[in-house]
Amino acid sequence: MNINSLISHVTLASVIFAGAAFGASKATITMQSFGKTKDGADTALYTLTNANGVKADITNYGGIVVRLFVPDREGNMDDVVLGYNTVAEYILDTPYFGALIGRIGNRVADGKFKLNGQTYNLVTNNSPAGIPCHLHGGTLGYDKVVWDAEPFIENNTPGLKLHYFSVDGEEGYPGNLDITVEYRLTNDNSLKIDYLATTDKATPVNLTNHSYFNLKGEGQGDILDHVLMFNAANYTPVNAGLIPTGKISSVKGTPFDFTSPHAIGERINDDNEQMGFGGGYDHNWVLDNQDGDLALAGTVFEPTSGRFMEVWTEEPGMQFYCGNFLNGSHIGKSGKSYHFRNGFCLETQHYPDSPNQKSFPSIILKPGEEYKTTTIYRFGTR
Ligand code: GLA
């Protein structure tokens with residue numbers, strides 16, 4: 001189904017799909033216009049509702065998860081992701097709220113890497129401590145493009161298939177990259193993301209999603225009381241420019257040790273050089289599972305609502321960023337400003353600066369190979 005032809009017929013939200021229900025409620029998908037980009041392209045907002053009434057609003061602009069309503073322990077639904085109500089606000093200024101990120105998620109030192117004897121120059125669009133780097137795919141990353149969208153329901157599970165063709169040379173990257181991302185809102189209350197890509201030239205690929213979560217609900221203050229546990233005995237320390245030093249270091253005895261449960265705020269103000277560089281947590285954890293199978297990377301629990309979120313991934317790493325750059329300048333969906341540390345991200349990924357770090361797992365995709373990786377955010381209460 002072509003979204004443009006659909007949008008021209010649909011102004012108000014209308015049900016475009018309803019699943020077959022066997023006892024449970026029917027999964028549904030509705031869509032409505034999400035406004036136009038500066039170039040006049042139509043964007044749409046798809047509302048995926050699973051059999052339990054859990055809802056995700058996803059737009060084909062940047063593949064952004066705009067809203068995600070999940071129950072607390074009393075069954076009250078709150079929107080647990082940060083974001084905006086209109087595409088115009090996302091276009092104007094966003095710290096990657098909810099978006100798909102690529103071609104390389106995270107940082108590349110000085111925006112340069114060598115591949116097959118050739119040096120590639122990427123846009124340097126970020127400069128922590130005044131040290132320039134390439135961040136999250138550049139000035140026009142996958143978070144800022146309009147994806148083709150195809151909603152579907154299979155086995156009473158609503159989904160949205162997004163497709164983007166990233167041309168050779170885009171943002172300095174080699175090779176045409178043909179990308180498909182499939183979101184599914186499954187009936188165990190998981191948001192499942194499948195990333196697929198193929199190329200016609202060797203190229204680095206590291207796709208992720210940049211949702212900011214607050215399990216109390218977006219706009220409900222800081223996330224310092226959320227309790228984390230990561231299946232990660234190591235992390236990749238960084239320099240002042242937030243580029244890994246190349247070391248894989250043990251978390252033991254540091255504020256980076258989440259192998260047992262700790263609140264985000266518990267050690268965030270410890271006198272620690274790494275914490276200073278990040279302005280708080282903004283680091284890549286080396287997940288214990290390195291074999292590419294789907295494994296539990298971590299769990300986040302919010303005590304007042306009783307909500308928890310598990311992150312499952314096939315990726316070897318996860319960036320935990322706790323909203324250190326949020327400063328109240330972004331006004332979110334319910335009219336509240338997002339202040340310092342009002343949301344956190346768990347970006348499953350290969351390690352930052354991988355193309356320049358020979359000891360890190362490679363992110364080079366070659367012609368004939370398939371980039372294929374799955375991440376799941378599963379919600380529950382206790
Ligand atoms: C990432 C980075 C952070 C920051 C945010 C966006 O997750 O690790 O340093 O750039 O994106 O604000």
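Values as computed for the structure displayed
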quantity	calculated
Coil-residue GluC sites (Glu not before Pro) of the stretch 195-300, DSSP, other Cβ within 10 Å capped at 16	Glu266
Sequence of Met77, Met31 once ranked by neighbouring C-beta atoms within 10 Å, starting from the fewest	Met77, Met31
Choice from Gly40, Gly278, Gly53 with maximal GNM fluctuation in the chain (Cα, 10 Å cutoff)	Gly40
Candidates Asn176, Asn231, Asn155: whichever shows maximal mean-square fluctuation once the chain is modelled as a Gaussian network with Cα springs under 10 Å	Asn155
The chain, helix-only ellipticity at 222 nm - DSSP H runs n ≥ 4, -39,500 (n - 2.57), divided by all residues, nearest 500	-1000 deg cm²/dmol
Relative contact order (percent, whole number), the chain, Cα cutoff 8 Å, 6+ residue spacing	17
Among 354-364, 90-100, the order from most to least packed when residues are scored by Cβ within 10 Å on average	90-100, 354-364
Whether the stretch 317-382 is rounded, prolate or oblate, judged on the alpha carbon gyration tensor where a/c under 1.5 counts as rounded	prolate
Gain upon complete extension [Asp291, Thr259; 0.36 nm per residue less C-alpha separation]	9.6 nm
Residues with amide H under 5 Å from that of Gly111, placed H, sequence gap 5 or more	His134
The stretch 137-209: C-alpha pair distances exceeding 19 Å, %	39
Estimated FRET transfer efficiency (Glu74, Asn121; beta-carbon r; R0 56 Å; 0.05)	0.55
Kirkwood Rh, Cα atoms: Rg over Rh of the chain	0.95
Choice from Phe325, Phe152, Phe34 showing the highest fluctuation, given a GNM over the chain with Cα pairs closer than 10 Å	Phe325
Convex hull of the stretch 260-357 built on C-alpha atoms - directionally averaged projected area, nm²	8.3
At R0 = 30 Å, FRET efficiency that the Cβ-Cβ distance of Ile364 and Phe152 yields, to 0.05	0.45
Violating pairs (Cα-Cα greater than 19 angstrom) within the set Lys26/Lys55; Lys36/Lys144; Lys55/Lys161; Lys38/Lys112; Lys55/Lys216; Lys192/Lys372	Lys38/Lys112
Paramagnetic reach from Ala233 (point 7 Å along Cα→Cβ, amide N under 17 Å) across the stretch 250-265	250-254, 256-261
Inverse mean reciprocal Cα-Cα distance (Kirkwood Rh) of the stretch 46-108, Å	12.9
The stretch 135-276 shape via C-alpha gyration tensor axes, a/c threshold 1.5	oblate
Shape call, the stretch 41-173: gyration tensor on alpha carbons, a/c limit 1.5	prolate
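Read-outs: derived from the displayed coordinates by stated rules, not from any lab. No experiment lies behind these values; they were computed from the predicted model shown. Please note: Cβ atoms are built from the backbone with ideal geometry, for glycine as well, and neighbour counts cover all protein chains shown.
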